[in-house]
Structures are given as C-alpha cells and as structure tokens.
Amino acid sequence: MDLIQRTRNGLMLYPALWLVLMQTDGYMRRHTAFVLIHLLIMLTLMVMRLIHHRMMVRDDVSRIELNRRMFRAWSVIYNLYWGVLCAIVQVEPDAPDLRWIMLLTTVGITAGGAVVVSIDRVLPRVYPVLTLLPTVLAVLPMGGATAWVISGLTLVMAVYAFGLSSMVGKDYWARMRTQALLELRARELEALSRTDALTQVPNRLGFQERLDVAWRDARRRGESLGVAMVDLDHFKRINDTFGHPFGDDCLRAAAQSLCEAVRRPADLVARFGGEEFIVLMPNTDLAGAQAVAERMLAQVRATVLRQAGVDVALSCSIGVAAAAAVPDQGPDQLIQWADRALYRAKQGGRARVESLSASLQGTVPAPM
C-alpha cells in the first residue's frame, strides 16, 4: 500500500511531460497523430493502473502476492513504454533540441522513479534498465561522438539510479524494522501493565477493563454477569510460618488452580490484590456462577505444596454475585456484592462458597 501511494502521482506525470515536451521544435505540429496516439495510450495505461491500485486496496490480504506481481508487471510495461518513446525521439533527425530535452527528462524521471520504487525488491533493479536501455540501443548504431556521449550519460545515470535506490531502500526497511520493533515493545509493555508479574494473570487494571466491556455487552444483550471474589485462607499464617517466597509460590499455584477450574474462554481470572483473586463470568446467572465457584473451591483445596518437609494444602473462601446489567447502573455494585458474599464465607468458617444476588436497582444490607 505504501508503494501504491508513492507511485500514484508519477502515473499522471508521464502524460503531462509528454504533452509539454512535444511542443519543442514544433514536434507536435509536424507529428500530431503520433503525439496524440501515444498520449492516448499513456492516459489509458494510467487509468488502468489507477483502477488496479484501487482494486489492490480493497482486495483480500490472501491475494497480496498476486497483486504484487501484477503491480510489478504494470510498472514494467509503463516504464518500458516511456523508454521506447525516448529512444524513438533520439533517432528523429528533425528534432535536435527535443532529443536532449527528452533525454534529460528521462534521466531525471529514472533517478526520481528509482527512489520512489526503492522499497520493492525487484523494481529498483529493472527500473533504470527499462527506462534508459532502449535509448542506448537506439543511439549506439548511429555512431559518432554524440551517440557515445548519450550512451555514456545514459549508462552512468542508470548505475547512479540503481545505487541511489538501493541506499534509500535499505534506509526505508531499516526504519520499518525499527518501527515494528518499537510497536512490538509498546504492545508488550501495555500487556505487562495489565498483567500481574507474580501470577501472570491479569491484574486489577486488566480486570477492570474486561469488566467494563463485559458489562456493556451484557447490557446490550440483556444477559446476566457473574463475579466471584476468592481469598486464600490463612495466608498470613503461611507467610509467617514458611516465609514470603513460599507465599509467592502459593499465590502462583492458586492462580493456576483457578484458571484450570474456569473452562470457558470468555471467563477471566485476575489477581485483585494481596491474596485475593477475582473471577469474571460473562453470560452467567447465579446458579452457573455458584457451580463454577464450587469447582474452583475444590481445585484449590486439591492443591498441595511441600515446604521444609511439610505438605501445605491450600484453601480459599469464595463470594459469588450475579445480576442482570441495567442501563442506569455500573458493575461496581456487583463487585461489592461479591465482596460481601466473601465476607459471609469467611465469617461462616472459611473454605466455603457464599452467594448473593439481587436487582441492581435494589439495595443489599451490609453483613453484620
């Protein structure tokens, strides 16, 4: 697409230059039919290439290689056609001024065009040859000093155009690689900013973003949204007894267990803070959220870590809430309900699931 943008203005340049150049030495007046026929051909080629460019922009990505080959073919035809016209003018006996002006114009076009197409692998190599070689082949058989000067000038400019395009192309792709690397690093940093470094599950920011999206989707579709707050039981005692590094191991193991218990791709396990996790369950009513919470409870309780010759079994308390999204409320109260349900689970002896559900338009008393 970048190559299309680069070459679009050049397509209109050729017919305009042809029409202006043909005024030299009264050439158009003497060869009106010749000039107008080739002007019409160039305009036709220009229109066909513009149409092809528009088709390439709209085309499927799977056809990119075919479109690339077609683009190169059109460029070869267009440039070779101009090169042949330049060669024809060079052998015209009645246009001495036009010969030099046409040659200098073609050399300028070649240098500029080689830079324009320098980002392609093939065109910079063939562009100078296609545009300038016909002139050399036409002039050399004429013999004489002038023919050698024209041929030498043409060959020197062809080599120069090739070298210039090669340099510009390398700079372009080096810049593109740097830009792609910077974009990749930016995406990685963005992902890291939403990921908990210890457990490798989304952090609170990542969860909040997913929650907002899930809430809007649920409101649009008229669906329920479930949330579960998970708190590891007696985590402070584990840290005090076995040390914080082992506590970190417990958090990682708990996060893995919760992720294994949550089976739907749309569900999300995130670390809410400290030893608390939160689970988002789109399109889930209270019964479904409770079933997932019971599975998470069993999965965590089945997790056993060994430290200093002692088996440490994990345990957790879970508070579950579910509600239908309504237009005049946000999801924050759903999290508050899950937190209240978690409070009840901990007050009720831990290692259990408590649930809470109501309409968001109502109120839920805080636990006593």
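The values are calculated or read from the model by the stated rules, or taken from the named source; none is laboratory data. These numbers come from a predicted model, not from an experiment. We place every Cβ from the backbone using ideal geometry, glycine too, and count neighbours over all the protein chains shown. Protein only, heavy atoms only, side chains kept; ligands, DNA and RNA dropped before computing areas. Shrake-Rupley method; radii C 1.70, N 1.55, O 1.52, S 1.80 Å.
Side notes on the structure shown:
- Residue-count net charge about F246 - beta-carbon cut-off 14 Å; Lys, Arg +1, Asp, Glu -1: -1
- The magnitude of the dipole of the chain, with charges of +1 and -1 set on the Cβ of Lys/Arg and Asp/Glu and taken from the Cα centre, is near 620 debye.
- If you plug the beta carbon distance of V159 and H244 into 1/(1 + (r/R0)^6) with R0 = 56 Å, you get a FRET efficiency near 0.20.
- Mean-position separation - Cα centroids, region 76-122 and region 206-265, in angstrom: 68 Å
- Against the rule of thumb 2.2 N^0.38 Å, how large the Cα Rg of region 1-71 comes out: 1.42
- Accessible surface of the chain, 1.4 Å probe: 61 percent of it comes from carbon and sulfur atoms.
- Of the residues L305, L130, L268, the one that moves most in a GNM of the chain with alpha-carbon contacts below 10 Å is L305.
- Selection from A253, L21, M48, by position along the positive dipole direction of the chain (Cβ): L21
- Looking at the chain, the accessible area is 52 square angstrom per residue; that uses a 1.4 Å probe and ignores ligands, DNA and RNA.
- Degrees between helix 32-58 axis and first principal axis of the chain (Cα, 0 to 90, nearest 10): 10 degrees
- Dipole check for region 62-116: with +1 at the C-beta of Lys and Arg, -1 at the C-beta of Asp and Glu, and the Cα centre as origin, the magnitude is about 460 Debye.
- Our estimate of slack between D25 and W100, defined as 0.36 nm per intervening residue step minus the Cα-Cα distance, is 25.9 nm.
- Computed with a 1.4 Å probe on the full set of protein chains, the accessible area for W74 sits at about 50 Å².
- In degrees, nearest ten, helix 286-301 long axis to first principal axis of the chain (Cα): 80 degrees
- For Rg/Rh (Cα atoms, Kirkwood Rh), the value computed from the atomic coordinates appears in the list (i) 1.13; (ii) 1.27; (iii) 1.36 under label (iii).
- Here region 225-368 is treated with +1 on each Lys and Arg Cβ and -1 on each Asp and Glu Cβ, and its dipole about the Cα centre works out to around 300 debye.
- Region 160-262: translational diffusion in µm²/s, Stokes-Einstein, Kirkwood Rh over Cα pairs, 25 °C, 0.890 mPa s: 134 µm²/s
- Inter-label distance for N9 and S166, nm, one decimal - labels placed 7 Å from Cα along Cα-to-Cβ: 2.8 nm
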